[in-house]
Amino acid sequence: MLLLLLVIVVPAPAYAQQEQPPLIRVGTEGTYPPFSFHDPQTQELTGYDVEVVKAIAAKAGWRLEFVETQWDAIFPALDAQRIDLVANQVSRNPERAAKYGLSNTYTYSRGVIVRRTGDDRIKSIADLSGKTTAQSSTSNWAKVARDAGARVEAVEGFAQAAALLQQGRVDAIVNDNIAVLDYLATTGSKDVEIAGDAGQAGSEQVLALRQADAALLTQANQAIDALKADGTLRGISQKYFKADVSVQNGGAADLSEGRGPRSTWDILRSTAWPMFVGLVKVTIPLTALSFAIGLTLALLVALARISPYRVLSGLARAFISVIRGTPLLLQLFIVFYGLPQIGLKFPPFTAAVVAFSLNVAGYAAEVIRSAILSVPRGQFEAASTIGFGYAQTLRRIVLPQAARTAVPPLSNTLLSLLKDTSLGSVVLLTELFRESQLAAAESNEFLALYSFAGLYYWVICVALSAAQKRLETRLNRYVIA
């Protein structure tokens, strides 16, 4: 009894009462070498920015969770509280300073203009007027290009921009000199070259946080100052650039050794497994769950659509009109980034399921409605004469016959849904196609990797088509001769 009282009364040790370190969600691209990319051997997220923010977390006492997404979705994710800070070479500018909390500078770089080799039309920033450049649409470099009079084509990252430039689809790129030098050293490309500076004295890269997170910003600033003082930032910078880019005029980055190009076969071999994991863990479950929920909703909407009650019928028509009249990508953005502003915040996978299910329901409802209406009216009348109610008539008589008519178009809906899951990356899901994007951004093997991703999708679609044929055969027993 005395021991029991001691256990109850004596307080727990101090370490047991300590709170867990705060979990900080870091938004980054994962497709922007050498700052944020996946190691081709281990497939782990790495890069200069990744190592810097890990060092900051160690000083500040944070736990980190990295959230990878496209650059144009990073700041919407920060606004919607999907992430807590952005570590992706965010340039300091007045617009961002007015809206976000920007940390102390941890990288200094300068903007450069990249052109096709030998294109003497472009020598300076003034020559961009009337030309077309490829940029991430919300990046600081896009603003520089627009201010110079260029027309900006939006791309996901620098690798895609470089591909467009090599193919002659754009005239130039404006970007960070370090990213450009790393690209040239890694790929060995002779098709593009640096034409000159972008006309800026220099660019400062910072972490971006919400203004409301003042305490977090203070911790980040204190950590950055400490890492500069103890030489940690200098060490990380020397590792990636052979120069100290954490201070102004720290020397020109030397990327002559680069990471080195790899053969296409090595790239495919190292990417095949991550793509398969993305297929099994995200693409297939997302497709199956969204289709099942969407099909259930579609049946309810179809029944409401043919209901004699005008209110139900009107609501069903309005729902179908909205879903079919708006892009799926827009629906994903509304569910994931828009709804949190009114208090409805879903995890990435759940948000994707909600958006895809609603989209399936909008399209499949009309398929089911037409299939139900294709059943002869006499079937309803015959069922009522033997005492079947409405629900029993649907379940036992009408839906089995309607199913045979609905299977082919519903199968098309399923196949479209499978391919549409490739949009999952915009809501922070690393699915099959996102894995191919990560590998392509690091290796620039767009044709091989995207074709390989297409092979995965094609195999699954062939399997689903075979299952459709078997299902149609089984449903033939409901056909009335």
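The values are calculated or read from the model by the stated rules, or taken from the named source; none is laboratory data. This is a predicted model, so every value here is computed, not measured. Ideal geometry is used to build each Cβ from the backbone, glycine not excepted, and the neighbour counts take in all protein chains shown. SASA here: full protein model, heavy atoms, side chains in, ligands and nucleic acids out. Shrake-Rupley method; radii C 1.70, N 1.55, O 1.52, S 1.80 Å.
The table below lists the values:
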| quantity | calculated |
| --- | --- |
| Filtered residue count, region 122-138, keeping only those that are among the basic types (Lys, Arg) and closer than 13 Å to Leu165 by Cβ | 1 |
| Within region 48-125, strands (runs of 3 or more DSSP E) holding 1 or more residues that are within 26 Å of Ala243 (Cα to Cα) and open to solvent by 50 Å² or more (accessible area, probe 1.4 Å) | 107-109 |
| Residues within region 272-296 that are closer than 13 Å to Ser357 by Cα and surrounded by 18 or more Cβ atoms within 10 Å (Cβ to Cβ), tallied | 6 |
| Flag for Arg234 being part of a loop (DSSP other than H, G, I, E, B) and either modelled with pLDDT of 95 or more or in contact with a helix residue (DSSP H, G or I) (Cβ under 9 Å, 6 or more places away or on another chain) (or both) | no |
| Criterion violated by Leu217 - all others in (1) at pLDDT below 85; (2) aliphatic (A, V, I, L, M); (3) surrounded by 16 or more Cβ atoms within 10 Å (Cβ to Cβ) satisfied | (1) |
| Some residue of region 348-365 being crowded, with 18+ Cβ neighbours inside 10 Å and more than 27 Å from the chain's Cα centre (by Cα) | yes |
| Flag if Tyr337 is aromatic (Phe, Trp, Tyr) and open to solvent by 60 Å² or more (accessible area, probe 1.4 Å) | no |
| Residue tally, condition open to solvent by 20 Å² or more (accessible area, probe 1.4 Å) and touching a Lys or Arg at 6+ places or on another chain (Cβ under 8 Å), over region 154-167 | 1 |
| Residue in region 382-397 that is open to solvent by 40 Å² or more (accessible area, probe 1.4 Å), at pLDDT 85 or above and in the same structural domain as Thr296 (by the TED database) present | no |
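Rundown of residues vs (1) of a type outside the set (A, V, I, L, M); (2) at pLDDT below 90; (3) buried (at least 19 other Cβ atoms within 10 Å of the Cβ), yes/no style:
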position: Arg151; (1), (2), (3): yes, no, no
position: Ile178; (1), (2), (3): no, yes, yes
position: Tyr183; (1), (2), (3): yes, yes, yes
position: Gly202; (1), (2), (3): yes, yes, no
position: Ala208; (1), (2), (3): no, no, yes
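Residues checked against (1) over 19 Å from Leu329 (Cβ atoms); (2) more than 19 Å from the chain's Cα centre (by Cα); (3) not hydrophobic (A, V, I, L, M, F, W, C):
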residue: Ser411; (1), (2), (3): yes, yes, yes
residue: Ser422; (1), (2), (3): no, no, yes
residue: Ser451; (1), (2), (3): yes, yes, yes
residue: Trp458; (1), (2), (3): yes, yes, no
residue: Val462; (1), (2), (3): yes, yes, no
